Amino acid sequence: MKRGYTIACLARDAGVTVHIIRDYELRGLLHPLERNESGFRIYDRDAALARLRFIIGAKSAGIQLKELVKLFQALESGDQQKLMLNIEACELSIRKRQDCICHCQCGLAQLKEAGSSLFETTKNHNLETSHEGIS
């Protein structure tokens, strides 16, 4: 068996906190190989790091932890059809978030345009008002 890795070493190498690893374990996303005599969690370094990197990448792509739990359950069950359905659900979820981002970006562009127009209108109004005081 490969040299075991403690939760602290795993957290350090993955760039996450020990609390995150414990949370992922509670959710069923990560599994220690065993607990040592002192009760510390021991992980397979390569397998745990690969899984953590996948989770981190998936989260940055917009996949929620509850979706990842279902995905890993399907993967661990060996049911390829269930796995593909969960992957498709993740893709749909990401597309919905992308649509939301596009909508927000359009709203932001409209806000910038309106702000610019308001600025010009206010500037012109202030110039007209200041010229009226000179006459």
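The values are calculated or read from the model by the stated rules, or taken from the named source; none is laboratory data. In this text the structure is predicted, and so the values were computed from the model without any measurement. Reconstructed Cβ throughout: ideal geometry from the backbone, glycine too, with neighbour counts over all protein chains shown. Accessible surface areas use protein heavy atoms only, side chains included; no ligands, DNA or RNA. Shrake-Rupley method; radii C 1.70, N 1.55, O 1.52, S 1.80 Å.
If the segment from residue 91 to residue 40 were pulled out straight at 0.36 nm per residue, it would be longer than the present Cα-Cα gap by 14.7 nm. When the chain is treated as a GNM with alpha-carbon contacts under 10 Å, the residue of 98, 110, 81 showing the greatest mean-square fluctuation is 110. Ligands, DNA and RNA left out, the 1.4 Å accessible surface of the chain is 58% carbon and sulfur atoms. Highest-first packing order for the peptide set 111-124, 30-43 is 30-43, 111-124, based on the mean count of other beta carbon atoms within 10 Å. The distance between label points at residue 60 and residue 31 comes to 2.7 nm (points 7 Å beyond Cα on the Cα→Cβ vector). Computed from the C-beta positions of residue 17 and residue 100, the FRET efficiency with R₀ = 25 Å rounds to 0.30. Solvent-accessible area per residue in the chain equals 71 Å², computed with a 1.4 angstrom probe and all protein chains kept.
Counting only lysines at least 8 places from residue 82 when in the same chain, those with an alpha carbon closer than 30 Å to its own are 59, 66, 70, 96.
Normalised by the number of residues in the chain, the mean separation of alpha-carbon contacts (under 8 Å, six or more apart) gives a relative contact order of 17 percent. Here the stretch 1-83 is treated as an ellipsoid with the same Cα gyration tensor; its semi-axes, largest first and in whole Å, are 22, 15, 11.
Over 18 Å, how big is the tail of the calculated P(r) for the stretch 36-130, in percent of all Cα pairs? Value for the stretch 36-130 (Cα pairs over 18 Å): 68 percent. Only helical DSSP H runs with n ≥ 4 go in: add -39500 (n - 2.57) per run for the chain, normalise by residue count and round the 222 nm mean residue ellipticity to 500 deg cm²/dmol. My calculation for the chain gives -26000 deg cm²/dmol from helical runs alone.
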